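Below: the structure, in structure tokens.
Nothing in this text is a laboratory measurement; each read-out follows from the coordinates by a stated rule. In this text, all values refer to a predicted model and were calculated from it rather than measured experimentally. Cβ coordinates were reconstructed from backbone atoms using ideal geometry, including for glycine residues, and neighbour counts include every protein chain displayed.
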Amino acid sequence: MKFRHIEVFHAVYQTGSVTGAARALNVSQPSVSKVLGHAEDQLGFKLFERVKGRLTPTREADALYRNVDEIYEQMASLDTMARNLRRGSGGQIRLGVTPTLGLGVAPNAIARFRESHPDTVFDVRTLNHDEMRASLIEMECDIAVTYDLPLHPRLAATAIGSGELGLLFRRCDMPSAPERIDFDLLQSKDWIALAADGRVAQTCVDEIERRRLRLNAVVTVRTYYVAAALVARGVGVTVMDEHSARACLTPEMDFRPFVEPLSLNMFCIYLQDRPPSKMIQNFIDVLKRELASAPV
């Protein structure tokens, strides 16, 4: 598909008619019909069927649209970046974070950075462990922030801080909780387990195996968003890193690190042949200060 085909297809898909697409693109209806017909001829299949006077996407069109819409999002981001660069002081930072760090660390750092760099725009992606390496190598992200250190010859990393694991629970369930919790306490609680790749989940599993604990895993989830929601509803307790836990705390929720600290280093990862620009390095410095000053 040529770009003109993509442009017309996107407009027809969104408006549901040739008339609407022509209006959106500020062109004539015959022009839209001609380009759409040419696109279908090139592809070898129909993109729309007329149902009760309205163009209805085919299954093939639905599949194509997902990728086409991503192209439009990237174009919008490119336009924003170009405007900022034209003003002289802006730019774009494409940031990858694990879901746990996307809860609080990344938003706080972005907010702090934009106080002094208001023309900088961000493209933030939450990525799991497997996706992060590919996103950097394929240059979808400039940097990625994670507890994991992907082993790949093209990747380099800078340590930016650390975090402790601890217990997230409701205050009413443990009103006299000490400042630090014994990890073995998990044996007496309903446990919300995390089934996910990554250093946080693996460190928890390793500690359970080291202590030979038999836990009552009442729910298994794949994101900390869901785990925290379940804790809030009294389903059980969960193990979480301190930075993610800060974003989940409410007057009813609390977090305590363990008596024997389970600490993890945090890294900023990037391509060796594309080291951080001055602007991105400034953002990394803000990340470091955010992590260093964050209360548990």
Computed from the beta carbon distance with a Förster radius of 41 Å, FRET efficiency for Asp206 and Glu115 to the nearest 0.05 stands at 0.55
HN-Hα J couplings of the range 179-194 from phi, Karplus 6.51/-1.76/1.60, θ = phi - 60°, integer Hz, Gly and Pro as x? 5, 10, 9, 6, 4, 5, 4, 4, 5, 9, 10, 6, 10, 9, 8, 10
Report, in order of residue number, the helices in the chain meeting two criteria: a C-alpha extent of 15 Å or more along the helix axis, and a mean Kyte-Doolittle hydropathy of at least -1.0; treat each whole DSSP H run as one helix. 3-15, 29-43, 59-87, 105-116, 199-211, 278-293
Counting DSSP beta bridges with both ends in the range 164-263, the antiparallel % (nearest 5): 60 percent
Backbone HN-Hα couplings from phi across the range 249-266 [Karplus 6.51/-1.76/1.60, Hz, Gly and Pro as x]: 6, 9, x, 9, 10, 9, 9, 9, x, 8, 4, 8, x, 10, 9, 10, 7, 10
Considering only the other residues whose Cβ falls under 14 Å of the Cβ of Asp241, what net charge follows from Lys and Arg at +1 and Asp and Glu at -1? -1
For the range 133-218, which trypsin sites (Lys or Arg not before Pro) pass both filters: DSSP loop (anything but H, G, I, E, B) and at most 13 other C-beta atoms within 10 Å? Arg154, Arg212, Arg214
With both partners inside the chain, how many of the DSSP beta bridges are antiparallel, as a percent to the nearest 5? 60 percent
Using helices alone, I'd like the mean residue ellipticity at 222 nm for the chain: each DSSP H run of four-plus residues gives -39500 (n - 2.57), total over residue count, nearest 500. -14000 deg cm²/dmol
Order the peptides 155-162, 106-113 from the highest to the lowest mean number of other Cβ atoms within 10 Å of their residues. 106-113, 155-162
How much FRET efficiency would the formula 1/(1 + (r/R0)^6) give for Ser263 and Tyr65, where r is the Cβ-Cβ distance and R0 is 45 Å, rounded to 0.05? 0.50
Express in whole angstrom the spacing between the alpha-carbon centres of the range 118-171 and the range 1-47. 39 Å
What is the Cα centroid distance between the range 260-282 and the range 176-218, reported in whole angstrom? 28 Å
Using Cα positions and a limit of under 19 Å, work out the lysines in reach of Lys46, with same-chain residues fewer than 8 apart set aside. Lys2, Lys34
Give me the net charge of Val27's neighbourhood, meaning all other residues with Cβ under 15 Å from the Cβ of Val27; Lys, Arg count +1, Asp, Glu -1. +2
Given R₀ = 25 Å, what would the calculated FRET efficiency be for Arg274 paired with Phe3, taking r from the Cβ atoms and rounding to 0.05? 0.40
Where does the longest stretch of the chain lie that holds no GluC sites (Glu not before Pro) found in a DSSP loop with 13 or fewer other Cβ atoms within 10 Å? 1-137
Hey, which lysines would be in cross-link range of Lys288, C-alpha to C-alpha under 29 Å, not counting anything within fewer than 8 residues on its own chain? Lys278
Would you mind classifying the range 74-233 by shape? Square roots of the alpha carbon gyration tensor eigenvalues, ordered a ≥ b ≥ c; an a/c under 1.5 is rounded, otherwise it is prolate if a/b is larger than b/c and oblate if not. prolate
GNM top mover of Leu43, Leu149, Leu167 - the chain, alpha-carbon springs below 10 Å: Leu43
Taking square-rooted eigenvalues a ≥ b ≥ c of the alpha carbon gyration tensor, is the range 164-263 rounded, prolate or oblate, where a/c under 1.5 means rounded and, failing that, a/b exceeding b/c means prolate? rounded
